[in-house]
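Enquirer: Take a look at the following structure, please.
The values are calculated or read from the model by the stated rules, or taken from the named source; none is laboratory data. All values derive from a computational prediction rather than experimental measurement. Note: ideal-geometry Cβ built from the backbone for every residue, glycine included; neighbour counts use all protein chains shown. In case anyone asks, the SASA skips ligands and DNA or RNA and just uses the protein heavy atoms, side chains included. Shrake-Rupley method; radii C 1.70, N 1.55, O 1.52, S 1.80 Å.
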Amino acid sequence: MSSLPAPADIAACVGRCKAALSAGQAALKAAYEESADARALLHGRVKLVDGVLQELWREIGMPTETALAAVGGYGRGELFPASDVDILILVPVGMEVRSEPRIEQLVGMLWDTGLDIGHSVRDISGCLEEAERDITVKTALLEARYVCGSGALFESFVQRFNAALDAEAFFKAKQLELQERYARYSETPFSLEPNCKESPGGLRDLQTILWVARAAHLGTNWHELADTVIVTADEARQLARAEEFLDHLRIRLHHLVRRREERLLFEHQEALAEAFGIKATHAKRASEVLMQRYYRNAKLVTQLNTLVRLNLAARIAHDGRAPPIVIDGRFQMVRELLDIRSDDLFEREPRAILEAFLALQRRSELKGMTARTLRALWHARGRIDAAFRRDPGNRALFLSLFQQKRGVVHEFRRMNQYDILGHYIPAFGRIVGQMQHDLFHVYTVDQHILQVLRNLRRLTMPEFAHEYPFCSRLIASYDKHWLLYVAAIFHDIAKGRGGDHSQLGIADAERFCRDHGIVGADADLVCFLVGNHLTMSAVAQKQDLADPEVLQAFAAVVKDERRLTGLYLLTVCDIRGTSPKVWNVWKGKLLEDLYRMTLRILRGDQPGQAVGLQERQDEARRLLRLRGLRPEVENPLWQQLDTVYFMRHDAEEIAWHTRYLYYRPDTPQPVVKARLNQFGGGLQVMVYVPDQKLLFARLCGFFARLGYSIVDAKIHTTRHGIALDSFILLDPSGQLPYRDMIGLIEHDLVEQLKAQPPLAAPPPSRLPRQVRHFPFTPEGGIRADERGQQYVMSVTAADRTGLLFAIAMVLGRHDVVLHTAKIATLGDRVEDTFLISGQELAKTATLVRLEQELLQVLQLP
């Protein structure tokens, strides 16, 4: 074997290759922008890299008995602009890899060229052993392609690999891999920032089909799969078009960000739309048009992916073909799947479309539908027309889908996936794939609706009763709880039309109820829930629940217990269905408190009784006695507290405050106590200190610097001028140890309140991506309450560190007194409500100036 090339020769070769890669990739990009030929770019980059690797292989003088193979996407003959390059260096049995300097030198040269290399060095036996241990390795080797070196060694590898490949075991492993991948992406292609490669409906779905087909020798492309009757010719064309769209999307994404990136992040979507030549419409931004196109493509891919995998399973399985089990004249069961007994069933008898979904709900032994059933459904969806929707029998069948004991969520999702739901309810079809730019929804409108349906359904299932036990108890005794499912389908159905979607949705719900025989109080309930599905959340999170008039007004809206319970259940499930970040235990407590107090009013209590002022005081006294405090020790402190204090705090909070303050009600020294939130999650902090200017701003700044978000603040001043404030704090990052922070807060905050150092804003944090790229106009307003004694200040803005501090500083500069703060954080958006008072607020000029300053601090920096 010849000696290693001189370092200067190696450097010169690397330089030539690096220049060739740079020039070649620039030429490929220019050609693509001219022709928009995705295949030419993908194959062109493969050819370019092949040439570089072959030159380096020759330059280093690799042993003639070794071989270089491309694997993975590079082996398949597809290299996207920023894709990594996976290679296999095959060596003969017995070669000591570590003693062969050329291999190490080759790998170093590859990296020096600027290629993102993934490499392995193995003999054939090593490849086979690793493939048996790791399905990812087996998949990469399945697409191995010869590049240079010993052709005989590579052919020997291919023969032994194919001989060892068990197509059925490979298929099962890829099925499990697909299920795990789907679970990572919440089982939906409709997230607002999908991964165009890995998300359901992305390129990986299409690649999985071809990997399994290749392993079973059924074809390596869509045309060959049509030849082997795995897909129809029309499906092959649809798959090819879907793949072409995703190829273009991924190519343009790589060109845009100039690195490997597969996520369609908000900051890229508008530029991608421009790259596709998409223009904004009067109702939608260009990025929304692009994403709706992506979602429809992803939906098609998931549909066809299911069909093809079912066909592959039937072709590959070795368990023999069991005879079908006849269900009735229309359907039979084949390998635990619902099968149509004639291919034209749905064309001849369109009603059987709905009967198929009903059969899956009623027969637990059925695990899904056969490929030919799904294919027939897909092709017959157009039979669901106006005449079909008018048919009383069809209407009765569709309504019964809501009323079954099992399979409600699965079958509505299946109906949506195959466009049955959108054809039966055309208004639903219009919101399929529609984005929601509001900083807290993470799903498209149709997927959010189905998520709410799923949340409601889980409340009825005993195995999930531990999640929300109070809600589960309520729904278990709820008359016709399936009406809540109907309301869930319609609650956001009018989004995107302009105007108030809650009110617009009532018309659709009324029509559906009228057409499907839902009448009287049941129809009124559905329409009420659709029209008011945001009301309970707004009252609980933005209004003062200690105010009897607030409770009376809300009770007047709901009118009766059935409506109240239905609205409560729908509200809980709606908030939980927006995003995992939006729901928290504190929101749950606010909603439950509002439900329980309103229920008392509806059952005959006066609003003041519903708040339970005397009951709270009695219960607080009982708790104090349990702690060993003698009777009446609380009186000196309680005499300094007005009725509003007792209305805004529950008995347990009152007892907690009293335990630490009863013996020092007039203390000039700050008292700070913290504890774990009794209702789960976060910290509860009490501050008792002689009132001082900008106190609320100081407290907000202190908590923000620790990394906490204030989710509730109750601000009170005693009759003798001492502030008694209480806060609920949550850690948005989920990383701060609550218990360990109690001592630090109690000590450091006392020192702050004693020293009163100059106020400093919390250090700015990096804005979330959604905040930077969503078009969002902050809002702030101040209005007098109905009695004209106090004012309600409402704020809507993008959330960020220090926002509450900045608002507090504005209030402090104008000598505004803060009474309560309701902090509602919805994902990356805050909707805060403050009850304030002050002499200057009665002056129009001051009020206008205050609102202007408020809007300035709400603007993003």
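Enquirer: At R0 = 22 Å, how high is the FRET efficiency between Arg630 and Glu652 if r is their beta carbon distance? Nearest 0.05 is fine.
Expert: Details: r = 20 Å, r/R0 = 0.90.
According to the calculation, E is roughly 0.65.
Enquirer: Separate question: For the chain, report the accessible area per residue in Å² (1.4 Å probe, heavy atoms, rounded to an integer). If you can, show how the numbers build up before the last one.
Expert: Working: 36500 Å² over 861 residues.
Computed with neighbouring chains in place, this is 42 Å² per residue.
Enquirer: So how much slack lies between Ala12 and Val93, counting 0.36 nm per residue of separation and subtracting their Cα-Cα distance, in nm? Spell out each step's value before the answer.
Expert: Details: separation 81, 0.36 × 81 = 29.16 nm, distance 3.29 nm.
Fully extending the segment from Ala12 to Val93 adds 25.9 nm.
Enquirer: Additional query: PRE reach from Glu779 (point 7 Å along Cα→Cβ): which of the range 533-561 fall under 20 Å by backbone N?
Expert: 533-544
Enquirer: If you don't mind, another one. Using the Cα atoms as the points, what is the convex hull volume per residue of the range 164-316 in Å³? Walk me through the numbers before you get to the answer.
Expert: Values: hull volume 17.8 nm³, N = 153.
So the per-residue hull volume is 116 Å³.
Enquirer: Angle, helix 613-626 long axis vs. longest principal axis of the chain, Cα atoms, 0 to 90°, nearest 10?
Expert: With rounding to tens, the tilt is 80 degrees.
Enquirer: Mind listing the phi-derived Karplus ³J(HN,Hα) values for the range 253-265, rounded to whole Hz, using 6.51, -1.76 and 1.60 with θ = phi - 60°, and x for any glycine or proline?
Expert: Karplus-based 3J(HN,Hα) across the range 253-265 equals 5, 5, 5, 5, 8, 6, 6, 6, 8, 10, 8, 8, 6 Hz.
Enquirer: Additional query: Using a basic spin-label model with each label point 7 Å from the Cα along Cα→Cβ, how many nm lie between Glu840 and Val644?
Expert: Simple spin-label model gives 1.9 nm for this pair.
Enquirer: What percent of all Cα-Cα pairs in the range 141-216 falls into each 10 Å bin, going from 0 up to the bin containing the maximum distance?
Expert: For the range 141-216, the pair-distance distribution reads 17, 36, 27, 16, 4.
Enquirer: Taking only C-alpha pairs under 8 Å that are 6+ residues apart, what is the relative contact order of the range 49-113 in percent?
Expert: Numbers: 47 pairs, mean separation 24.0, N = 65.
Averaging sequence separation for qualifying contacts and normalising by length gives 37 percent for the range 49-113.
Enquirer: How many nm separate the modelled label positions at Glu244 and Val158, each set 7 Å beyond the Cα in the direction of the Cβ?
Expert: Modelled inter-label distance: 2.9 nm.
Enquirer: Could you give the angle, 0 to 90 degrees to the nearest 10, between helix 844-858's Cα long axis and the longest principal axis of the Cα atoms of the chain?
Expert: 30
Enquirer: For the range 597-733, I need the span (max minus min coordinate) of the C-alpha atoms along each principal axis, in Å, sorted largest to smallest.
Expert: Taking the Cα atoms of the range 597-733, the three principal extents are 46, 34, 28 Å.
Enquirer: At 10 °C and a viscosity of 1.306 mPa s, what translational diffusion coefficient does Stokes-Einstein give for the range 231-273, taking Rh as the Kirkwood radius over Cα pairs? Give it in µm²/s as a whole number.
Expert: Using the Kirkwood radius from Cα pairs, D works out to 138 µm²/s.
Enquirer: What Kirkwood hydrodynamic radius do you get for the range 12-154 when you take the inverse of the mean 1/r over all pairs of distinct Cα atoms, in Å? Before the final figure, lay out each step's value.
Expert: Values: mean 1/r = 0.0637 Å⁻¹.
Taking every pair of different Cα atoms in the range 12-154, averaging 1/r and inverting gives 15.7 Å.
Enquirer: When only alpha-carbon atoms count, how far does the range 499-588 stretch along each of its three principal axes, as whole angstroms with the largest first?
Expert: 41, 32, 25
Enquirer: For helix 7-35, report the angle its Cα long axis makes with the longest principal axis of the Cα atoms of the chain; keep it between 0 and 90° and round to the nearest 10°.
Expert: Between the helix axis and the principal axis of the chain, the angle is about 70 degrees.
Enquirer: Which order do peptides 811-818, 385-392 fall in by mean Cβ count within 10 Å, highest first?
Expert: On the way: 811-818: 17.4, 385-392: 11.5.
Ranking the peptides 811-818, 385-392 by packing returns 811-818, 385-392.
Enquirer: Could you quote the convex hull projected area for the range 682-770, Cα atoms only and averaged over all directions, in nm²?
Expert: 6.5
Enquirer: Hey, for a label at Ser186 modelled as a point 7 Å past Cα toward Cβ, could you say which residues of the range 545-576 have their backbone N under 17 Å away?
Expert: Once the point is set 7 Å along Cα→Cβ of Ser186, 572-576 turn out to lie under 17 Å by backbone N, inside the range 545-576.
Enquirer: Calculate the FRET efficiency for His43 and His466 from the Cβ-Cβ distance with a Förster distance of 51 Å, rounded to the nearest 0.05. Walk me through the numbers on the way to the answer.
Expert: Values: r = 55 Å, r/R0 = 1.08.
Efficiency, rounded to the nearest 0.05: 0.40.
Enquirer: Follow-up. Percent relative contact order of the range 218-338, based on C-alpha pairs within less than 8 angstrom and at least six residues apart?
Expert: Details: 79 pairs, mean separation 19.3, N = 121.
Reported as a whole number, the value is 16 percent.
Enquirer: Okay, moving on. At a 1.4 Å probe, what is the % contribution of carbon and sulfur to the accessible area of the chain?
Expert: Here it works out to 51 percent.
Enquirer: Moving on. Let's test the formula: R0 of 45 Å, r as the Cβ-Cβ distance of Ala761 and Asp134. What FRET efficiency results, to the nearest 0.05? Spell out each step's value before the answer.
Expert: Numbers: r = 51 Å, r/R0 = 1.14.
The value I calculate is 0.30.
Enquirer: Follow-up. Grab the alpha carbons of the range 410-518, take their convex hull, and tell me the volume per residue in Å³. The partial results should precede the final answer.
Expert: Details: hull volume 13.3 nm³, N = 109.
Cα convex hull per residue, to the nearest whole number: 122 Å³.
Enquirer: How much length would be gained if the chain were fully extended between Ala553 and Glu104, taking 0.36 nm per residue of separation minus their Cα-Cα distance, in nm to one decimal?
Expert: Values: separation 449, 0.36 × 449 = 161.64 nm, distance 7.75 nm.
Roughly 153.9 nm would be gained on extension.
Enquirer: Right, something else. Of (i) -0.32, -1.63; (ii) -0.31, -1.28; (iii) -0.39, -1.27, which one was derived for log10 I(q)/I(0) by the Debye sum over Cα atoms at q = 0.05, 0.11 Å⁻¹ from the structure shown?
Expert: (iii)
Enquirer: I've got another one for you. Would you mind calculating the gained length between Thr220 and Ser733 on full extension (0.36 nm times residue separation, minus the Cα-Cα distance), in nm to one decimal? Could the numbers behind the result be given before it?
Expert: Numbers: separation 513, 0.36 × 513 = 184.68 nm, distance 4.59 nm.
Computed gain between Thr220 and Ser733 is 180.1 nm.
Enquirer: Just need the relative contact order of the chain here, percent rounded to a whole number, with Cα pairs under 8 Å and 6+ apart. Walk me through the intermediate numbers first.
Expert: On the way: 1235 pairs, mean separation 58.0, N = 861.
Relative contact order for the chain comes out at 7 percent.
Enquirer: Arg351 label point, 7 Å along Cα→Cβ, cut-off 20 Å on backbone N: hits in the range 366-394?
Expert: Only 377, 380-394 pass the distance filter.
Enquirer: Another question about this same structure. In terms of the Cα gyration tensor, with a ≥ b ≥ c the square roots of its eigenvalues, is the range 331-474 rounded because a/c is under 1.5, prolate because a/b exceeds b/c, or oblate?
Expert: Working: a/c = 1.93, a/b = 1.34, b/c = 1.45.
Because a/c hits 1.5 or more and a/b fails to exceed b/c, the range 331-474 counts as oblate.
Enquirer: Moving on. Separation between the Arg363 and Asp522 pseudo-spin-labels, each 7 Å from Cα along Cα→Cβ, expressed in nm?
Expert: It is 2.7 nm.
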